[in-house]
């Protein structure tokens, strides 16, 4: 039986043979004692790449984001984030359950303006309002279709947030994609923020892990929260080795994923009556909407699965497809043909 073409997410990738070999050969030790050499090497490398003083490995991007909230906010605070942000939609209410904060979503299409930021900040000195203490930017933005937040806008927003006394956090789970697509150096993308999170289990193809980077004092506080949440590890070098391999061998090839996503999107727009702005297809995510007259998203997903193509329903009439290192250009072309057929194009 032919394996399906899996475009549900870039998290479905399996370690390559070379990555598995690197994992098997990894020097390991007890990371809770700071004695895992592979983890230490990865943390130092990511800190250098992002231009930060220190970095901390965590098991997942969600835990990394949650720890950042615990470090940068207090219970009862309010966090400003982009509309449909990962923090608000895909972390099981963790912001409220773990950090005790609430999220206010602003903007559209993965970005927001300084004016919208100002309008969302609660007035100080009025006891009925929560304190607005953190601005979070997601780059690339998942539900907006993998769009890259323009760096000049990032700098404007972070400068405005700092001037207004807000901390700044970058949810950079797919920052590697943003870097490759924009050409902006990683350290420049990270510079305006207090803490930065990056993931290895998406475009880089590792089986797990994220890193939180920032000043030494904040990373020391993050380590305490990581331990409290059960995220401290032992012989973590097997995961760190996979991440290091991904940085060495899978970062530059992200351009291929971006090209495959663009080809898929162009085929859909040309042959099917979907709502899809090609300007939003900047990296490896394609999000398209199904107008009245087309099947709804669960139906499209089910019919595509019957023909060996896996995609996700992102809403009642919204579908997402994500390209990654486990799907080729030919497979993406096949997937586009199947989706066009399902959509009646």
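General remarks:
- DSSP beta bridge pairing in segment 158-283, given as percent antiparallel to the nearest 5: 50 percent
- CD proxy at 222 nm, helix term only [per DSSP H run n ≥ 4: -39500 (n - 2.57); per residue of the chain; nearest 500]: -12000 deg cm²/dmol
- Peptide packing for 306-313, 258-265, 136-143 was compared via the average number of neighbouring C-beta atoms within 10 Å per residue; ordered from the highest value, the list is 136-143, 258-265, 306-313.
- Per-q log10 I(q)/I(0), segment 74-199, q = 0.10, 0.13 Å⁻¹ (Debye; single scatterer per alpha-carbon; no solvent): -0.28, -0.48
- Fraction of antiparallel bridges per DSSP, segment 41-182 only, in percent to nearest 5: 15 percent
- For segment 95-133, the residues whose backbone nitrogen is under 16 Å from a point 7 Å from the Cα of residue 163, taken along Cα to Cβ, are 113-121.
- Inter-site label distance for residue 296 and residue 255 at 7 Å from Cα along Cβ, in nm: 4.3 nm
- Annotation for residue 104 and residue 307: the two label points, set 7 Å from Cα along the Cα-Cβ direction, are 4.6 nm apart.
- Cα gyration tensor category, rounded, prolate or oblate, for segment 134-271 with a/c compared to 1.5: oblate
- Each of the peptides 317-327, 32-42 was scored by the mean count of other Cβ atoms within 10 Å over its residues; in descending order, highest first, they stand as 317-327, 32-42.
- Based on the convex hull around the alpha carbon atoms, segment 1-122 presents an average projected area of 11.7 nm².
- Three-way shape label, segment 253-342, alpha-carbon gyration tensor, a/c 1.5: prolate
- The chain: relative contact order as a whole-number percent, Cα under 8 Å and 6+ apart: 25 percent
- Taking a ≥ b ≥ c as the square roots of the Cα gyration tensor eigenvalues, the chain comes out oblate, since a/c reaches at least 1.5 and a/b does not exceed b/c.
- Per-pair calculated FRET efficiency, R0 = 56 Å: residue 124 and residue 11 via Cβ, rounded to 0.05: 0.90
- Peptides ranked, highest mean first, by Cβ atoms within 10 Å: ranges 59-69, 276-286, 120-130: 59-69, 276-286, 120-130
- GNM top mover of 176, 89, 57 - the chain, alpha-carbon springs below 10 Å: 89
Readers should treat all values here as calculations from the given coordinates under stated rules, not as data from a laboratory. Predicted model only: the values in this text are computed from it and were never measured. Glycine also receives a Cβ, built like all others from the backbone with ideal geometry; neighbour counts cover every protein chain displayed.
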